[in-house]
């Protein structure tokens, strides 16, 4: 590895009609990686995996909404890897993916089960890269965020967006709990941390701390 090569790389594949940011993240030294939030369009995800040459070890879920988890069961079947996450608070959502997906006119969605629930403070090792887990309920009871200190990057699901925050009007949502999760968990990260949301463009913690209207006192 050259001195200026990052220890981690990622590819983002927008999936479903909701243009959900499915991410492939991998260790550049070992080429071991994970797929985060395969909401659908599994063939597109498989194509991206083939293009990058990543050896996928796990499927990770930030939370249990169908646009993030609806393709997880199919991808697990194709790759033969475990589904890890989110927090067990979203078990009821993973068991109802087909029901909720049909309400939004989505086809090909399959219910799934997590092979391992995640808790705040857990760590996942992917090659030489460590993903730290933050439990950030509010958008859903079991929402989690994955933090990679080596490159100051967080994968935040639908907890926080550029200029906005996750919706809380769906089953299990709680507005005050979401704000508390953002302030007590995400805003403890350094301003230089970039983050990838479940939808839309990336941003930084510093930008949202200063400019996000939902986070101003």
Scan (1) touching a residue at least 60 places away in the same chain (Cβ under 8 Å); (2) part of a loop (DSSP other than H, G, I, E, B); (3) surrounded by fewer than 17 Cβ atoms within 10 Å (Cβ to Cβ) for the single condition residue 12 breaks and write down its number.
(2)
Out of the residues in segment 201-215 that are surrounded by fewer than 17 Cβ atoms within 10 Å (Cβ to Cβ) and without any contact (Cβ under 8 Å) to a residue 40 or more places away in the chain, state the one that is farthest from residue 157 (Cα to Cα).
210
Going by what's in this entry, would residue 177 be described as under 18 Å from residue 15 (Cβ atoms), in a helix (DSSP H, G or I), over 18 Å from the mean Cα position of the chain (by Cα) and at pLDDT 95 or above?
no
So residue 102 ticks every box in (1) part of a helix (DSSP H, G or I); (2) over 23 Å from residue 41 (Cβ atoms); (3) free of Cβ contacts under 8 Å to residues at least 12 places away in the same chain but one. Which box is left unticked?
(2)
Taking segment 16-56 and keeping residues over 21 Å from residue 80 (Cα atoms), touching a residue at least 40 places away in the same chain (Cβ under 8 Å) and touching a strand residue (DSSP E or B) at 6+ places or on another chain (Cβ under 6 Å) leaves 21
Quick one: is residue 141 outside any strand (DSSP E or B), farther than 23 Å from residue 55 by Cα, more than 15 Å from the chain's Cα centre (by Cα) and in contact (Cβ under 8 Å) with a residue 12 or more places away in the chain?
no
Within segment 160-174, how many residues turn out to be buried (at least 24 other Cβ atoms within 10 Å of the Cβ) and either in contact (Cβ under 8 Å) with a residue 60 or more places away in the chain or not in a loop (DSSP other than H, G, I, E, B) (or both)?
1
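The values are calculated or read from the model by the stated rules, or taken from the named source; none is laboratory data. Nothing here was measured: the structure is a model prediction, and the numbers come from that model. Cβ sites come from the backbone with ideal geometry, for glycine too, and all protein chains shown count toward neighbours.
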